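The values are calculated or read from the model by the stated rules, or taken from the named source; none is laboratory data. Since we're looking at a predicted model, the values are computed, not measured. Because the Cβ atoms are built from the backbone with ideal geometry, glycine has one as well, and the counts that use them run over all protein chains shown. What goes into the accessible areas is simple: the full protein's heavy atoms, side chains included, and nothing from ligands, DNA or RNA. Shrake-Rupley method; radii C 1.70, N 1.55, O 1.52, S 1.80 Å.
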Amino acid sequence: MIRFTVVTITYNAEAVLQRTLDSVFAQTYKGVEHLIIDGASKDRTLALVEAYKQKSDESETEHKVIIQSEPDHGIYDAMNKGLTQASGDYIVFMNAGDSFPQADTLEQVVHRCKLTELPTAELPGVLYGNTDVVDGDGHYLHPRRLQPPAKLTWRSFRQGMLVCHQAFYARTDIAKNLQYDTRYRFSADVDWCIRVMRETERMGLPLYNIGIVVANYMEEGQTTKNHKASLRERYLVMQRHYGVIQTFLLHCWFVVRAIVRR
């Protein structure tokens, strides 16, 4: 059986976490490992997580829930802890407030990608799908503005992060060797996805479009300061992977396109 490791990063997340826990618990697919990496929360986050683990242990879901709570050095440090512990065939990050859109989402991923028909060594390096944006109460708002292309390569992200992190399933054996670069505070996920796709191409493995919405992503309320810092970091990430000149020219085009759309 193909197994999925779902990693949820938490810190003082009691207001939005339950929706995520319920979403993973509801998955009808049996092969799920759920790693909850907590940064030593001071609210009721851990109480919710412990209750969830007990509920899962006593149920017939056959999901494995693992909890780790300790201080960390930010979200990407916590994600690296999840990478280190993951034992599934694929890893996906589903953070507090995010959720699977349907109870059979993971079953559909396996079925649509025909994963059970492939030898382990030939499994796609990356599975990716669409994302819907929801509000803080989990209510649907709209599809994510950037949509994944039919054919994805590591070069695709020159046009922006076309696949949401929560809709990006990486083969765990590849991902474990490519930890998040914690020098980035806001955009290490973009850099990580590009590096995973580059390694997938080097290994001659496909990237498979699942073709459905596989994640509900909670709209963030980032401050303007953090948003600007994130954009600056993404520019540096793009320079790293696509070169200084091409990145500059692409961003000139982004500016022109934005002005025309107005």
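Applying the selection to the stretch 31-68, what residues are more than 20 Å from the chain's Cα centre (by Cα) and outside any helix (DSSP H, G or I)? Within the stretch 31-68, Ala40, Ser41, Lys42, Asp43, Arg44, Ser59, Glu60, Thr61, Glu62 qualify. Of all the residues in the stretch 69-106, those that are assigned to a helix (DSSP H, G or I) and open to solvent by 30 Å² or more (accessible area, probe 1.4 Å) number 5. When the residues of the stretch 12-35 are narrowed to those that are crowded, with 22+ Cβ neighbours inside 10 Å and among the aliphatic types (A, V, I, L, M), which ends up farthest from Gln108 (Cα to Cα)? The selected residue is Ala13.
When each of Leu205, Leu162 is tested for being at pLDDT 95 or above and touching a helix residue (DSSP H, G or I) at 6+ places or on another chain (Cβ under 7 Å), the lone residue that passes is Leu162.
Counted as qualifying within the stretch 111-218 are the strands (runs of 3 or more DSSP E) with 2 or more residues that are open to solvent by 40 Å² or more (accessible area, probe 1.4 Å) and in contact with an Asp or Glu (Cβ under 7 Å, 6 or more places away or on another chain), namely 140-143, 207-218.
Annotation note: Cβ proximity below 7 Å between a residue of the stretch 190-213 that is on the phi > 0 side of the Ramachandran plot and a residue that is open to solvent by 10 Å² or more (accessible area, probe 1.4 Å) (sequence gap 6+ or interchain) occurs for Gly211/Arg112.
Of all the listed residues (Phe157, Phe93, Phe100), the sole one being among the aromatic types (Phe, Trp, Tyr), over 30 Å from Tyr242 (Cα atoms) and touching a residue at least 40 places away in the same chain (Cβ under 8 Å) is Phe100.
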